Amino acid sequence: KSLYAPSRFLAEFTSERFGRSVDVLHTPIFFPTDIDTFEQPDHIPKPYVLFFGKMTVKKGILVLARAMREFLKTRPDWHFVAIGQNSEAPDGRSMLHHVKTILQDYLDRVLCIDALPHDRLLPIIKDSEFVAIPSLADNLPNALIESLYFKKRVVATTGSCFEDHLADPPAGILVKPNDALELTDALFTMAEMDELTIAKMERAAEIQSNRLSPEAIVPNLEKAFHAHIMRTRNLEETK
């Protein structure tokens with residue numbers, strides 16, 4: 001039987017755990033064709049750093065809050081927008097409570113929003129300056145694919161899936177997981193980036209997005225599934 005995983009990180013983990021060969025097949029995401037007709041958000045001050053995804057320790061929301069505290073301290077014109085389902089922290093309190101406690105001195109520039117439908121989320125991604133996805137470990141999250149689709153620069157972490165889609169060409173900055181100091185430096189670097197470097201990263205994001213597009217992925221899926229069907233038939237015929 002064939003085994004597939006949507007990222008190199010999960011493929012290697014599964015292979016080591018079960019001693020099986022695992023191929024990487026990305027999962028395509030189909031974007032609406034009428035994105036330009038979606039209502040643009042007018043209640044979110046710009047510029048803003050965006051986080052979107054479930055608010056959990058694994059997704060890095062707490063380390064990001066600590067980094068944003070240092071960032072907002074010396075960037076009075078910037079804002080932080082966090083969108084996603086709230087969750088319970090290890091101490092039983094809500095994750096949102098901890099985020100707001102960490103950022104209590106800057107809540108006038110922090111906007112936390114519950115999970116949104118795509119017609120409201122996508123315009124907010126499109127209008128962001130850059131996106132932060134500081135997961136402690138991850139498996140090619142939709143947040144990355146959606147950010148690259150809008151040619152957004154991304155701050156993410158090493159050690160799981162992000163190197164495959166941000167490093168060559170570089171469409172963002174990679175930092176060590178759960179490292180608030182390194183993450184803070186990356187936020188400052190993004191904010192201080194000159195227009196030429198921004199344009200290069202946005203072009204790199206477009207290239208990375210094209211690699212993850214349905215037009216690029218679906219033929220690979222069809223080829224892999226066809227090969228699996230043929231192998232299965234050959235095995236049955238030899239029985």
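Pairs with C-alpha atoms separated by more than 27 Å, drawn from the list K100/K176; K54/K126; K152/K176; K59/K223; K100/K126, are K59/K223. For the chain, the longest principal axis of the C-alpha atoms and the axis of helix 61-74 are separated by about 40°. The residues H97, H43, when put in order of fewest to most other Cβ atoms within 10 Å, stand as H43, H97.
Calculated on the alpha-carbon coordinates, the convex hull of region 137-239 measures out at 108 cubic angstrom per residue. Taking amide H atoms as placed 1.01 Å from N in the peptide plane, the amide H of I133 lies under 5 Å from those of V155, A156, each 5 or more residues away in sequence or on another chain. Phi angles of region 190-205 translate, via the Karplus equation with coefficients 6.51, -1.76, 1.60 and θ = phi - 60°, into HN-Hα couplings of 4, 5, 9, 5, 6, 4, 5, 5, 4, 4, 5, 5, 5, 5, 4, 4 Hz per residue; Gly and Pro are given as x. Which is the longest part of the chain that has none of the GluC sites (Glu not before Pro) sitting in a DSSP loop with at most 16 other Cβ atoms within 10 Å? Value returned for the longest uninterrupted segment is 40-191.
With R₀ set to 30 Å, the beta-carbon distance separating E222 from E12 gives a calculated FRET efficiency near 0.75. Pairs of Cα atoms nearer than 8 Å and 6+ residues apart set the relative contact order; for the chain it is 21 percent.
No lab work stands behind these numbers, since they all come straight from the coordinates. Quick caveat, the model's predicted, so the values are computed rather than measured. Positions of Cβ are backbone-derived with ideal geometry, glycine not excepted, and every protein chain shown enters the neighbour counts.
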